[in-house]
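The values are calculated or read from the model by the stated rules, or taken from the named source; none is laboratory data. What you are looking at is a predicted structure, and each value in this text was computed from that prediction instead of being measured. Here the Cβ positions follow ideal geometry from the backbone for every residue, glycine too, while neighbour counts run over all protein chains shown. These area figures cover heavy atoms from the full protein model, side chains too; ligands, DNA and RNA do not enter into them. Shrake-Rupley method; radii C 1.70, N 1.55, O 1.52, S 1.80 Å.
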Amino acid sequence: MLKKEMIQQLNDQLNLEFYSANIYLQMSAWCGDKGFEGASAFLKTHSQEEMEHMQRLFNYLDDTGSMPILGAIAAPPVDFASLADVFEQTYEHEQLITRKINELAHAAVTQQDYSTFNFLQWYVAEQHEEEKLFKSILDKLALVNTAQGGLFFIDQDLKKMTSAPTQQ
């Protein structure tokens, strides 16, 4: 049986993953509206992955006899300055998620909840990959000349990344 504090922290993370899905889906809509079809597809797929992350937490809580609690989810931003702004925000958001996962893992060890600590190891590894992915996209955006159509090639690259198999 999980301690009350751990249940609350896991539910908070569950809801943060739900928000992640919403923000990426909203970003996908913005990209589609601006003609970035590849970025739109990439972020839509990423939104679905975040829902899977949420479902994994939901199932873990349920499997431990704890009540998963879906809270109110804040509305994500709807307007962005540029494609680079979208991916800067995704990178910052993933850094936030990493901090929260690390805090959860630390709390699990501190509470000697080794089962939860073991469960969270998948998230620790996943966050390493997420940050690496979004940092690589930012690096590519920094390299292109946006005045000469460079964003088209980035968008095409993102489209290819959508159809590539993901590690999970």
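With respect to Ser66, determine if the residue is assigned to a loop (DSSP other than H, G, I, E, B), among the polar types (S, T, N, Q) and more than 17 Å from Trp122 (Cα to Cα).
In short, yes.
Considering only segment 110-144, how many residues are over 19 Å from Leu61 (Cβ atoms) and of a type in the set (A, V, I, L, M, F, W, C)?
Total satisfying the criteria: 9.
For the list (1) under 27 Å from Thr116 (Cα atoms); (2) open to solvent by 50 Å² or more (accessible area, probe 1.4 Å); (3) part of a helix (DSSP H, G or I); (4) touching a residue at least 60 places away in the same chain (Cβ under 8 Å), I need the number of the one condition that Phe58 fails.
Evaluating Phe58 over (1) under 27 Å from Thr116 (Cα atoms); (2) open to solvent by 50 Å² or more (accessible area, probe 1.4 Å); (3) part of a helix (DSSP H, G or I); (4) touching a residue at least 60 places away in the same chain (Cβ under 8 Å) leaves (4) as the failure.
Asn118 passes all but one of (1) at pLDDT 95 or above; (2) crowded, with 17+ Cβ neighbours inside 10 Å; (3) in a helix (DSSP H, G or I); (4) of a type outside the set (A, V, I, L, M); which number fails?
Here Asn118 meets the rest and fails (2).
Which one is least open to solvent (accessible area, probe 1.4 Å) among residues in segment 80-106 that are under 30 Å from Gly35 (Cβ atoms) and of a type in the set (D, E, K, R)?
Glu94
Lys135 - would you say it is among the basic types (Lys, Arg), in a helix (DSSP H, G or I) and over 17 Å from Glu17 (Cβ atoms)?
The answer is yes for Lys135.
In segment 69-110, what count of residues is obtained for those that are in a loop (DSSP other than H, G, I, E, B) and among the hydroxyl-bearing types (Ser, Thr, Tyr)?
1
Against the condition more than 28 Å from Met1 (Cβ to Cβ), assigned to a helix (DSSP H, G or I) and open to solvent by 50 Å² or more (accessible area, probe 1.4 Å), how does Ala39 come out, does it pass?
no
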